[in-house]
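The block underneath contains the structure these notes are about, expressed in structure tokens.
What follows is calculated from the coordinates using simple rules that are stated; it is not laboratory data. In this text, all values refer to a predicted model and were calculated from it rather than measured experimentally. Methodologically, a virtual Cβ is constructed for each residue, glycine included, from the backbone with ideal geometry; neighbour enumeration extends over all protein chains shown.
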Amino acid sequence: METASRVELIVKGNLPEVPSQYIQPPEARPHLHNSGDAASIPTVDLSSSDPAREAISDACRNWGAFHVINHGVPIHLLDRMRSLGLSFFQDSPMEEKLRYACDSTSAASEGYGSRMLLGAKDDVVLDWRDYFDHHTFPLSRRNSSRWPIHPPDYRQVVEEYGDEMKKLAQMLLGLISESLGLPCSSIEEAVGEIYQNITVSYYPPCPQPELTLGLQSHSDMGAITLLIQDDVGGLQLYKDAQWLTVPPNSHAILVLIADQTEIITNGIYKSAQHRAVTNANRARLSVATFHDPSKTARIAPVSQLSPPSYKEVVYGQYVSSWYSKGPEGKRNLDALLY
């Protein structure tokens, strides 16, 4: 992790130019004025199951992502989760943030951090992002004493938010299974016990957004990710050989198919390759809720979808590869193809 003084300068947006360790190589830099608009990303209304299954099937085949509305999660809870995250990053002094510093030598360590890859060396380009990762499921992992105490309802809201997101993820995994003609429980049984992490990401204003990325190109490792963002926007999906910016929708939840679901569905449904770009004038906040298998789970295509196109993988080994080698789009998933 950077020194406290360096992080504080970045968070407060006081740097006149981007430090060298954040400058992306030319081929990875975003072309901010040439990116398309993902306004046509599907929106699925969950109030009726049959149309939802059909819409989900199309979205998973063609996008790997879709918005859901009428999802059952209270809108006030989405708003409060966003406001709590913003308060922590913008109002807490650096000394307070560093009390919750995560272990930079451990993958997906809980707490406050800014450096994602393990053992990142000086030649590794850093993302223009700070984050706070919460472990929320299974309940044996949930220890709210590791989370901020300000604002006073922070811990209660994160717990409630995690509960609601898990229910929604399980519903969606059932609909995704059924949309393939599989039993409702197929994907969830293949995943096993769900491990949930909630990661609040804060992207400070960046003096040279054309040189940086808030989050490099990747697809998520686990089964399914549920994401909300603020009104600034900056999330981009890779589709048809171009980057498309996902318009913010404060009442909707963005669903991202992740790598293990692509394996389980034998590649019929694709995980979503995405990244985050930065903004010169405004900070941006997003909240991603990851639903993953246990580290010991063995993931393979379901037997009904044969012959298999992907090799079986132990999820913990997949995670180790992702964090140690770096994501670089979907290379870790592609390595499992027969």
> Which whole-number percentage describes the relative contact order of region 274-338, with Cα contacts under 8 Å and a sequence gap of 6 or more?
Replying inline: 28 percent
>> Calculate the FRET efficiency for residue 79 and residue 189 from the Cβ-Cβ distance with a Förster distance of 30 Å, rounded to the nearest 0.05.
In response: 0.30
> Roughly how large, in nm² to one decimal, is the mean projection of the convex hull of the alpha-carbon atoms in the chain?
Replying inline: 15.7 nm²
> Looking at the square roots a ≥ b ≥ c of the eigenvalues of the Cα gyration tensor of region 165-236, which shape do they give, rounded for a/c under 1.5, prolate if a/b is larger than b/c, or oblate?
Replying inline: prolate
> Just from the alpha-carbon atoms, what are the Rg and Dmax of region 208-338 in angstroms?
Replying inline: 15.7, 51
> Using Cα pairs under 8 angstrom and six or more residues apart, how large is the relative contact order of the chain, in percent?
Replying inline: 22 percent
> For region 76-186, what does the alpha-carbon gyration tensor say about shape, rounded, prolate or oblate, given a ≥ b ≥ c as the root eigenvalues, a/c under 1.5 as rounded, and a/b over b/c as prolate?
Replying inline: oblate
>> How large is the translational diffusion coefficient of region 263-338 in µm² per second when you combine the Kirkwood radius over alpha carbon pairs with Stokes-Einstein at 4 °C and 1.567 mPa s?
In response: 89 µm²/s
> Hey, could you pull the Cα Rg and Dmax for region 47-106, both in Å?
Replying inline: 18.7, 51
> Which whole-number percent is the relative contact order of region 167-290 (Cα, under 8 Å, 6+ apart)?
Replying inline: 36 percent
>> So if the hydrodynamic radius of region 13-80 is defined as the Kirkwood radius over C-alpha pairs, what does Stokes-Einstein give as its diffusion coefficient at 10 °C and 1.306 mPa s, in µm² per second?
In response: 100 µm²/s
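Pull out a ≥ b ≥ c, the square roots of the eigenvalues of the alpha-carbon gyration tensor of region 136-286, then state rounded if a/c is under 1.5, prolate if not and a/b is larger than b/c, and oblate in the remaining case.
Because a/c hits 1.5 or more and a/b fails to exceed b/c, region 136-286 counts as oblate.
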>> Given all pairs of different Cα atoms, what value in angstroms does the Kirkwood hydrodynamic radius of region 145-204 take?
In response: 13.7 Å
> When the chain is fully extended, how far beyond the present Cα-Cα distance does residue 98 get from residue 62, taking 0.36 nm per residue of separation?
Replying inline: 8.8 nm
> So how much slack lies between residue 39 and residue 124, counting 0.36 nm per residue of separation and subtracting their Cα-Cα distance, in nm?
Replying inline: 27.3 nm
